[in-house]
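For reference, the structure is listed below as structure tokens.
The values are calculated or read from the model by the stated rules, or taken from the named source; none is laboratory data. Please read all numbers here as calculations on a predicted model, not as lab measurements. With ideal geometry, Cβ positions are generated from the backbone for all residues, glycine too; neighbour counts draw on all protein chains shown. Only protein heavy atoms, including side chains, enter the accessible area calculation; ligands, DNA and RNA are left aside. Shrake-Rupley method; radii C 1.70, N 1.55, O 1.52, S 1.80 Å.
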Amino acid sequence: MDMDLAGEKRLLQLNELDEFRLHAYENAKLYKEKTKRWHDKHIQPREFEPGQEVLWFNLRLKLFPGKLKSHWADPFVVVSVRPHGAVELRDTSSSGTFLVNVQRIKHYWVGDIAHHKTSVDLADA
């Protein structure tokens with residue numbers, strides 16, 4: 001057995017392994033960039049106006065702990081929209097207002113939602 005030949009072969013294997021690791025790192029980086037572009041492209045802009053009703057995500061709600069308890073609180077009315085993502089809300093039952101980050105609220109859609117219903121008679125089958 002030639003020790004020099006075995007040493008060269010081992011160095012070649014280590015270099016190939018290092019190259020494989022660098023390619024994997026680059027591919028992961030490209031995948032993350034592509035996924036981020038796709039995600040950012042599909043984000044819907046949320047704009048709020050004074051007088052609009054919204055739901056507030058109350059993270060500190062600990063009255064009824066449990067998995068199935070919704071953290072989205074009853075509708076609030078937008079009093080004013082401030083710069084840098086702050087929104088002033090007022091509860092519909094009280095007159096006090098408070099500031100919330102715009103990421104903690106979502107639109108509250110009120111009214112009839114048109115559901116298309118179809119019926120299929122199974123007796124004819």
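For the reader, a short list of remarks on this structure follows.
- Among His84, His42, the order of accessible area from largest down is His84, His42, computed with a 1.4 Å probe on protein heavy atoms.
- Available extension along the chain between Leu14 and Leu30 is 3.3 nm, counting 0.36 nm per residue and deducting the alpha carbon span.
- Most to least accessible of Val87, Val79 (protein chains only, probe 1.4 Å): Val79, Val87
- Under a 5 Å amide H cut-off, with hydrogens placed 1.01 Å from N, Gln52 pairs with Val78 among residues at least 5 apart or on other chains.
- Inter-site label distance for Leu122 and Thr92 at 7 Å from Cα along Cβ, in nm: 3.9 nm
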